[in-house]
Amino acid sequence: MKKLFITLIFLLSANYFFAQGGMWLPNTIKGSIEKDMQRLGMKLTADDIYNTEKSSIKDAIVQFGGGCTGEVISPKGLLLTNHHCGYGAIQRLSTMENNLLKNGFWAQSFEEELPAKGLTVTFIDRIEDVTGKILGNINNDLPLNERQSLIDKNIDSLSKTTQIEDYQTVEIKPFYYGNKYYLFVKNIFKDIRLVGVAPESIGKFGADTDNWMWPRHNADFSIFRIYADKNNLPAEYSEENVPYTPKHFLPISVKEINEDDFTLVFGFPGRTQEYLPAIAVDQIANKLDPVRISIREAALNVMGKYMRNDEATRLKYASKFAGIANYWKKWIGESQGINSVHAVEKKKEFEKEFLHRLDKNPEAKAKYGHLLADFDSLYAAFEPYNIAQNAIYESFFRSIDFMRVMSYLNRLKNYYINNGAAGYDGFKARLLPYLKGMYKGMDISIDKDVFAALVKKYALESKPEFVPGSIKALKTDREFKEFANKIYNSKFTDYDSLVSIIDTTDIDWAISVFEQEPGFEFAKEINEISDTKVSPNYNELSAKINDLQKEYMKALMEMFPEKSFFPDANSTLRITYGQVKGYHPRDAVYYEPVSHIEGVIEKYKPGDYEFDLPQKFLDIYKSKDFGNYTDKTGSVPACFIATNHTTGGNSGSPALDAEGNLIGLNFDRVWEGTMSDLYYDPSICRNIMVDVRYILFLIDKYGNAKRLIDEMEIKK
């Protein structure tokens with residue numbers, strides 16, 4: 001009975017083995033994963049999803065700009081992605097006279113579509129398991145650095161000898177912590193043009209307040225088009241290029257979406273760590289996250305005080321504040337989620353089952369019996385350096401612009417020392433445009449107050465051996481403010497003054513000016529602590545932990561042969577499947593899985609930068625001119641949630657129904673489930689998608705771009 005009880009606990013707790021969890025390589029789903037998807041309602045086959053002999057859904061999926069996902073939705077290369085994914089390209093196309101972000105943009109012809117220079121999209125032509133070619137000659141008894149050197153040589157050799165077309169590239173990546181390797185052949189298109197986008201008041205509706213939250217009501221989408229040469233192949237921008245004819249494009253369904261409907265999300269998720277041991281998850285959720293949260297909170301409190309008191313400051317700091325708040329909010333949800341679902345305890349139960357299986361297999365126990373004990377000792381040693389490494393970055397360089405300037409000056413000096421005047425001038429040419437933008441968004445008074453708050457926090461809460469000598473004796477607010485005044489009494493608080501010093505032929509003189517700056521010396525002091533006391537230990541222990549994690553991953557796959565293990569996300573093409581479902585975020589509260597346009601109007605606040613709306617949108621809503629884009633309630637559905645396992649990089653991923661039709665556009669996760677990067681739990685982890693009917697409604701009724709609607713294949 002005791003053994004049965006342990007087994008039941010394991011089966012109930014190991015949610016990452018269950019259906020609806022996981023990010024699967026599409027070339028590996030044939031068999032048990034395919035059957036499980038069909039059990040949940042999918043009507044497709046594995047060959048419909050991934051096929052190298054004929055067109056399949058994977059031929060409609062692209063990596064957008066290197067960090068997001070997009071999908072082809074017409075036979076003329078029309079491309080859909082998130083508003084926030086296209087934001088940078090749209091911003092670069094905007095001018096003071098024609099602000100596309102503020103006003104929106106809808107090309108009424110191919111000729112009006114705007115080239116987004118520098119933007120690329122990448123299709124995956126094929127995926128191959130090349131584990132044998134990469135690891136075949138590797139002796140695991142060799143030291144780690146020698147093993148990695150041999151692996152790198154094998155990767156380089158195979159990359160160069162793989163047969164590809166002239167327009168293709170090859171990438172080889174490790175999976176399962178280096179136990180397997182896959183090769184990806186890519187087609188990269190470089191002529192991408194903006195076709196349509198709603199104003200950011202609609203596309204970013206809710207902005208920071210609604211970020212990571214449900215219910216959501218923002219239309220997070222933008223539309224581009226892929227152009228190719230006359231042979232339908234990738235080419236640099238040319239007026240002679242024509243719209244790309246895809247191997248496959250996604251039909252669109254405007255049918256009803258109901259709870260428990262099957263959903264498939266296809267994209268390029270960035271990074272997950274689902275197979276960490278319990279001690280690692282505990283360290284992240286209960287030791288590291290609280291430190292990072294408190295540092296960012298201190299910075300946000302200072303910025304928020306200034307932003308509340310002055311509208312111009314609020315606008316100037318809105319983007320910076322949002323960037324800091326994004327992961328501050330995510331880490332809070334992650335830590336709370338880990339503890340609310342008892343993820344650490346469940347992982348410990350799983351580890352008991354792992355040890356139980358080892359006990360029944362003496363040979364396996366001899367190989368793997370040391371793993372969990374080694375994790376305990378390594379993570380105990382790693383903890384102070386892990387916290388210090390993150391605290392140094394968060395305290396001095398993430399939120400304080402002036403300290404980043406000082407750090408860049410130190411790099412400029414090192415370029416000169418190592419590469420002479422040519423190295424200095426080369427880095428200076430890249431640095432000055434970047435610093436110009438940084439200074440434009442910096443208020444020195446605010447930056448100085450953030451500096452004082454974060455330096456105080458770091459000095460008083462860090463281990464003494466990691467605290468710079470110049471601030472060790474400081475204790476009071478007054479002392480830290482005086483120190484901040486000293487640092488900011490500088491020639492480099494003004495961009496023009498900085499340029500007058502940096503942009504010189506007398507480089508030795510410029511370096512001497514750098515070295516007289518208290519801020520430069522303080523940054524050097526911090527970097528010295530990082531370089532001598534923190535990073536070496538951090539890097540050494542990280543390498544040992546990663547090597548042990550590789551062995552642990554191998555052990556898990558051997559000891560649980562009945563399980564299908566998905567590889568952690570690493571920005572490669574994946575599918576994840578689930579169902580439309582609401583959830584209980586806390587006691588006596590239930591969130592419905594679909595939001596509607598009425599919620600947009602409920603949140604509307606005239607003049608508010610997060611919740612204002614264009615008059616045209618309000619007029620359309622008032623007229624109830626919703627076209628054919630309503631659901632059974634008679635309203636336009638705005639967003640919906642499902643149990644798909646997603647993360648960063650899945651932004652812009654298509655949400656498909658059981659037949660492979662586009663029904664939504666993935667853009668976020670719910671706050672209570674952000675711990676899914678470490679531990680996926682289908683009871684509370686939800687991805688958030690824009691309903692495709694809201695997208696079509698805005699294209700048609702708001703953008704008056706019916707030509708785009710006519711281009712799509714819409715199933716009524």
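Observations
- Considering PHE566, PHE611, PHE617, the condition of being buried (at least 19 other Cβ atoms within 10 Å of the Cβ), out of contact with any Cys (no Cβ under 9 Å at 6 or more places or on another chain) and part of a helix (DSSP H, G or I) is satisfied by PHE617 alone.
- Odd one out for TRP214, checked against (1) surrounded by fewer than 24 Cβ atoms within 10 Å (Cβ to Cβ); (2) more than 26 Å from ALA318 (Cα to Cα): (2)
- Breaking point among (1) among the small types (Gly, Ala, Ser); (2) surrounded by 12 or more Cβ atoms within 10 Å (Cβ to Cβ); (3) out of contact with any Leu (no Cβ under 9 Å at 6 or more places or on another chain), for SER399: (3)
- Residue within region 222-241 that is modelled with pLDDT under 95 and either assigned to a loop (DSSP other than H, G, I, E, B) or under 30 Å from GLY22 (Cβ atoms) (or both) present: no
- Residue, farthest from GLY104 (Cα to Cα), within region 160-172, restricted to residues that are out of contact with any Leu (no Cβ under 8 Å at 6 or more places or on another chain) and of a type outside the set (A, V, I, L, M, F, W, C): THR161
- Of note, LEU665 does not satisfy the criterion of being modelled with pLDDT of 95 or more and assigned to a helix (DSSP H, G or I).
- Flag: PRO251 does not match the condition of being under 30 Å from PHE350 (Cα atoms) and not charged (D, E, K, R).
- Every pair of residues 6+ apart whose Cβ atoms lie under 7 Å, when the first sits in region 53-72 and is at positive phi while the second is among the β-branched types (Val, Ile, Thr) and in a loop (DSSP other than H, G, I, E, B): GLY65/THR120
- Subset of region 67-113 [over 20 Å from the mean Cα position of the chain (by Cα), polar (S, T, N, Q) and not in a helix (DSSP H, G or I)]: SER74, SER94, THR95, ASN98, ASN99, GLN108, SER109
- Which listed residue, of ILE392, ILE446, is modelled with pLDDT of 95 or more, of a type in the set (Val, Ile, Thr) and more than 28 Å from TYR538 (Cα to Cα): ILE446
- Residue pairs meeting the criteria (Cβ under 8 Å; at least 6 apart or on separate chains; first assigned by TED's automatic domain parsing to the domain that holds ARG225, in region 97-110; second of a type in the set (Gly, Ala, Ser) and at pLDDT below 95): LEU100/SER94; LEU101/SER94; LYS102/SER94
- Residue match in region 182-204 (condition: within 30 Å of VAL580 (Cβ to Cβ), modelled with pLDDT under 95, of a type outside the set (D, E, K, R) and in a helix (DSSP H, G or I)): no
- Screening TYR590 against (1) out of contact with any helix residue (DSSP H, G or I) (no Cβ under 9 Å at 6 or more places or on another chain); (2) in contact (Cβ under 8 Å) with a residue 12 or more places away in the chain; (3) of a type in the set (Phe, Trp, Tyr) leaves a single unmet condition, (2).
- Residue match in region 15-33 (condition: among the aromatic types (Phe, Trp, Tyr), assigned to a loop (DSSP other than H, G, I, E, B) and modelled with pLDDT of 95 or more): no
- Scan of region 155-182 for residues that are touching a helix residue (DSSP H, G or I) at 6+ places or on another chain (Cβ under 7 Å) and touching a residue at least 40 places away in the same chain (Cβ under 8 Å), ordered by number: ILE172, TYR176, TYR177, GLY178, ASN179, LYS180, TYR181
- Extreme residue, surrounded by the fewest Cβ atoms within 10 Å (Cβ to Cβ), among residues of region 132-155 that are part of a loop (DSSP other than H, G, I, E, B) and among the polar types (S, T, N, Q): ASN139
- Residue list for region 433-443, restricted to those being of a type outside the set (Ser, Thr, Tyr) and either closer than 23 Å to ASN489 by Cβ or at pLDDT 95 or above (or both): LEU435, LYS436, MET438, LYS440, GLY441, MET442, ASP443
- Of the residues making up region 445-463, those that are assigned to a helix (DSSP H, G or I), surrounded by 15 or more Cβ atoms within 10 Å (Cβ to Cβ) and not aromatic (Phe, Trp, Tyr) are ILE446, ASP447, LYS448, ASP449, VAL450, ALA452, ALA453, LEU454, VAL455, LYS456, LYS457, ALA459.
- Residue in region 305-324 that is touching an Asp or Glu at 6+ places or on another chain (Cβ under 6 Å) and buried (at least 18 other Cβ atoms within 10 Å of the Cβ) present: no
- Subset of region 114-131 that is part of a loop (DSSP other than H, G, I, E, B) and of a type outside the set (Lys, Arg) - its residue that is farthest from the chain's Cα centre (by Cα): VAL130
The values are calculated or read from the model by the stated rules, or taken from the named source; none is laboratory data. None of the values given here were measured: they were computed from a predicted structure. Heads up, the Cβs are rebuilt from the backbone with ideal geometry, glycines too, and the neighbour counts pull from every protein chain shown.
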